[in-house]
1. Please give the helix 14-31 orientation as an angle from the longest Cα principal axis of the chain, in degrees from 0 to 90, rounded to the nearest 10.
2. From the helices alone, meaning DSSP H stretches of at least four residues, give me the mean residue ellipticity at 222 nm for the chain, per-run term -39500 (n - 2.57), in deg cm²/dmol to the nearest 500.
3. Hey, what's the chain come to in accessible area per residue, 1.4 Å probe, Å²?
4. Taking the Cα centre as origin and putting +1 on Lys and Arg beta-carbons and -1 on Asp and Glu beta-carbons, what dipole magnitude results for the chain, to the nearest 20 debye?
5. In the chain, what percent of the accessible surface is made up of carbon and sulfur (1.4 Å probe, ligands and nucleic acids excluded)?
6. Cα axis of helix 36-55 to longest principal axis of the chain: angle in degrees, 0 to 90, nearest 10?
7. Using the beta-carbon distance between residue 36 and residue 59 and R0 = 22 Å, what value does 1/(1 + (r/R0)^6) give for FRET efficiency, to the nearest 0.05?
8. Can you give the relative contact order of the chain as a percent, counting alpha carbon pairs under 8 Å and 6+ residues apart?
Amino acid sequence: MLDNLESDYNCANASDDLHQLKQELAALREQGAEDQETQEQLNRLENQISFIMNKCDINH
């Protein structure tokens, strides 16, 4: 998970960052834990992925 995504995020890093975030998201989903902390991590990862995709105009 990336620590801080700011409005000045460098889209040159998008490919690597998205790959990493999607792997983390998949691994977390595989664990299947339903507790509050896990749900918050899932939401944060999904939000980071969405932020990068929107900021860098990536359509997948």
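1. 10
2. Estimated from H runs of four or more residues: -21500 deg cm²/dmol.
3. 73
4. Magnitude of the dipole: close to 220 debye.
5. On the way: 1740 of 4380 Å².
Answer for the chain is 40 percent, counting heavy atoms of protein chains only.
6. The answer is roughly 20 degrees.
7. The pair residue 36/residue 59 has a calculated efficiency of 0.10.
8. Result for the chain is 45 percent.
The values are calculated or read from the model by the stated rules, or taken from the named source; none is laboratory data. These numbers come from a predicted model, not from an experiment. Note: ideal-geometry Cβ built from the backbone for every residue, glycine included; neighbour counts use all protein chains shown. Keep in mind that these areas ignore ligands, DNA and RNA; they rest on the heavy atoms of the full protein, side chains included. Shrake-Rupley method; radii C 1.70, N 1.55, O 1.52, S 1.80 Å.
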